[in-house]
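If you scroll down you'll find the structure; I have some questions about it.
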Amino acid sequence: QVQLVESGGGLVQAGGSLRLSCVASGRTFSSMSYMGWFRQARGKEREMVATINTRGAINYADSVRGRFTISRDNTKNTVYLQMNSLKPEDTAVYYCRAAYFPTGSWGQGTQVTVSS
């Protein structure tokens, strides 16, 4: 099983920035369908934020496109999420996701709180 460890969450004011990191171990990036970030706010369903697949194709949720950037460093087995122009509605627990057969893996989550 792939172990995913997130870091970089915290408390920021609206308009600020954070950079999340996810370090993967136990499996190479090339053996996974995609790596990405999901988030879950209190009382809401978990939603996709951004993904990047083996070929480098990237998907963003409409709500974050233009503000967030996902990237990867294969030599460090690390996926990043640069979050700019943060809004209070971005407040959530952010989870790193590694997708692979049959179940994939989830990180433990890192809290992002954006104050108004």
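Given a 1.4 angstrom probe, I'd like the percentage of the accessible area of segment 29-108 that is carbon and sulfur, rounded to a whole number.
47
Also, quick follow-up: What order do you get for 76-86, 100-110 when each peptide is scored by the mean count of other beta carbon atoms within 10 Å, highest first?
76-86, 100-110
A further question follows. Under a point spin-label approximation (7 Å from Cα along Cα-to-Cβ), what is the V23-V5 distance to one decimal in nm?
Using points 7 Å along Cα→Cβ, the separation is 0.4 nm.
Enumerate the calculated ³J(HN,Hα) couplings along segment 70-75 in order (Karplus 6.51 cos²θ - 1.76 cosθ + 1.60, θ = phi - 60°), each rounded to whole Hz, writing x wherever the residue is Gly or Pro.
With the stated coefficients, segment 70-75 comes to 9, 8, 9, 10, 5, 5 Hz.
Follow-up. Below 8 Å, C-alpha to C-alpha, sequence gap of six or more: please give me the relative contact order for segment 12-106 in percent.
Value for segment 12-106: 38 percent.
What net charge is computed for the residues neighbouring A57, neighbours being all others with C-beta under 15 Å from the C-beta of A57, Lys and Arg scored +1, Asp and Glu -1?
Residues close to A57 contribute a combined charge of +3.
Tell me, in nm to one decimal, what length is gained between R46 and F101 on full extension, where the rule is 0.36 nm per residue of separation less the Cα-Cα distance?
Taking 0.36 nm per residue and subtracting the Cα distance, the gain is 17.8 nm.
With a sphere of radius 10 Å drawn around the Cβ of A24, what net charge do the other residues whose Cβ falls strictly inside it have (Lys, Arg +1; Asp, Glu -1)?
Details: positive: R27, R72, K76; negative: none.
Its environment carries a net charge of +3.
With every protein chain left in place, what is the accessible area per residue of the chain in square angstrom, probe 1.4 Å?
The answer is 54 Å² per residue.
Local charge sum around W106 (other residues, Cβ-Cβ under 11 Å, Lys/Arg +1, Asp/Glu -1)?
Values: positive: R46, R97; negative: E6.
Charge balance near W106 sits at +1.
If a paramagnetic tag sat 7 Å from the Cα of Q111 along the Cα-Cβ line, which residues of segment 62-104 would have the backbone N under 17 Å from that point?
88-96, by backbone N distance to the label point.
Name the long-range amide H neighbours of Y34: under 5 Å, sequence gap of 5 or more, or other chain; modelled H, no Pro or chain starts.
A99
Just to be sure I understand: with springs between alpha-carbon atoms less than 10 Å apart, which residue in A24, A61, A98 has the highest mean-square fluctuation in the Gaussian network model of the chain?
A61
The values are calculated or read from the model by the stated rules, or taken from the named source; none is laboratory data. Keep in mind the model is a prediction, meaning the values are calculated, not measured. Note that we place each Cβ from the backbone using ideal geometry, even for glycine, and neighbour counts take in every protein chain shown. Surface areas here come from the heavy atoms of the whole protein model, side chains and all, with no ligands, DNA or RNA. Shrake-Rupley method; radii C 1.70, N 1.55, O 1.52, S 1.80 Å.
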